[in-house]
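First the structure, in the form of structure tokens, and then the observations on it.
The values are calculated or read from the model by the stated rules, or taken from the named source; none is laboratory data. From a predicted model like this one, the values you see are computed outputs, not experimental measurements. Cβ atoms come from the backbone with ideal geometry, glycine included; neighbour counts cover every protein chain shown.
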Amino acid sequence: MSIISFDGVYYTYPLSEKPALNGMTLEISKGERVALLGGNGAGKTTALKHVNGLLRPNKGSVKIYGEDTRKTNTSNLSRKVGIVFQNPNHQLFAQTCWDEVAFALKNFGYDDLEIEKRVESTLRFFGLWDYKDESPFLLSVGEKKRLTIASVLIYEPQILVLDEPTAGQDIEQKKKIGNLLSSFKGEAVIASTHDMDFAARNFSRVVIMSSGKIVADGPTRDIFYMGDWKSAGILEPQTVSIAKITGISSHPLTSEEFVEAFKEEVAK
Ligand SMILES: Nc1ncnc2c1ncn2[C@@H]1O[C@H](COP(=O)(O)OP(=O)(O)O)[C@@H](O)[C@H]1O
Ligand SMILES: [Mg+2]
């Protein structure tokens, strides 16, 4: 069963003439990890905001666990769908890191003991315990991003939505975010990204958007080796470019896969 379902979704921002979503149809099932790709203005952020009901279609429908987002209330939806925005500065608001991650639990009415327990284990897990009494705004870019992810994962949403999770992050931080995604115990992850290597490494399915529509959708390996997607404003992962040039036939997606494939070709 689809847990996220877009059916012919159109959305135009107030005062705008051009639709940001122009007939988007997408089904995501339990267990899937989907990367949403596309050039600037393709409609990725707009699509993600439809998953948690922050925006609702002008035409067509979005259903989460079969419920139409126009009919469910936002707080119901926000409990199931955790969204992490691109810019942590737009999401962080509390006086301390402790309050930041505790916020959702307080909001959802968890008891104090449970809140204390979860906040401590979450801050420790994310390597932020030492900053529990500090202002979130004093953290580094990478720490801020981790804090926003922590503040969402703490209430265990079933669906995790991330908008450009690696924007402005260094390699170490990207690895950490990748690890967080693989340890996510919920039911589906959908993330927009400009980072093709991150997409290739962490997502089994990619969906490519252009002008508010989906132009490709499939297993990551198939999609990246099917074409170069320059027309959709996408630069393929470096490993894929190199594999294409060197004629490696096993279609590696990561540098580790490339090295393995290369050894095998040489041994032939
Ligand atoms: N708040 C807004 N008001 C008006 N137009 C917007 C707004 N946000 C985005 N858009 C427009 O909607 C289209 C899709 O934008 P967006 O979803 O942000 O794309 P992406 O995340 O893929 O870069 C673009 O043409 C953009 O200019
Ligand atoms: Mg965006």
When only residues in region 14-49 that are within 12 Å of the chain's Cα centre (by Cα) and within 11 Å of ligand 1 (Cβ to nearest atom) count, which is nearest to residue 196 (Cα to Cα)? 37
For residue 101, are the conditions met, namely being touching a residue at least 40 places away in the same chain (Cβ under 8 Å), crowded, with 19+ Cβ neighbours inside 10 Å and either in the same structural domain as residue 80 (by TED's automatic domain parsing) or more than 19 Å from residue 88 (Cα to Cα) (or both)? yes
Qualifying residues in region 16-39 (those that are within 15 Å of ligand 2 (Cβ to nearest atom) and hydrophobic (A, V, I, L, M, F, W, C)) - the one surrounded by the fewest Cβ atoms within 10 Å (Cβ to Cβ): 20
Restricting attention to region 154-172, does a residue exist that is touching a residue at least 60 places away in the same chain (Cβ under 8 Å), surrounded by fewer than 18 Cβ atoms within 10 Å (Cβ to Cβ) and out of contact with any Asp or Glu (no Cβ under 7 Å at 6 or more places or on another chain)? yes
What's the total number of residues in region 201-220 that are in a strand (DSSP E or B), of a type in the set (Gly, Ala, Ser) and within 11 Å of ligand 1 (Cβ to nearest atom)? 1
Residue under question is residue 123, and the condition is that it be part of a helix (DSSP H, G or I), in contact with a Pro (Cβ under 7 Å, 6 or more places away or on another chain) and of a type in the set (A, V, I, L, M, F, W, C); does it hold? no
In region 195-211, anything surrounded by fewer than 23 Cβ atoms within 10 Å (Cβ to Cβ) and over 21 Å from residue 257 (Cα atoms) is listed as 210, 211
Kindly indicate whether any position in region 114-123 is at pLDDT 95 or above, surrounded by fewer than 17 Cβ atoms within 10 Å (Cβ to Cβ) and closer than 15 Å to residue 94 by Cα. no
Filter result (over 13 Å from the mean Cα position of the chain (by Cα), under 18 Å from residue 104 (Cβ atoms) and not in a loop (DSSP other than H, G, I, E, B)) within region 130-176: 136, 144, 146, 147, 150, 151
What's the number of the only condition in (1) in a strand (DSSP E or B); (2) surrounded by 17 or more Cβ atoms within 10 Å (Cβ to Cβ) that residue 8 fails to meet? (2)
Quick one: what pairs do we get from region 43-72, first residue within 16 Å of residue 16 (Cα to Cα) and within 16 Å of ligand 2 (Cβ to nearest atom), second at pLDDT below 95 and assigned to a helix (DSSP H, G or I), C-beta under 9 Å, 6+ apart or different chains? none
Count, please, the residues in region 212-267 that happen to be at negative phi and either among the acidic types (Asp, Glu) or within 16 Å of ligand 2 (Cβ to nearest atom) (or both). 13
Could you grab the pairs with beta carbons closer than 8 Å, sequence gap of 6+ or different chains, first residue in region 13-41 and within 30 Å of residue 183 (Cα to Cα), second one at pLDDT below 95 and aromatic (Phe, Trp, Tyr)? 37/229
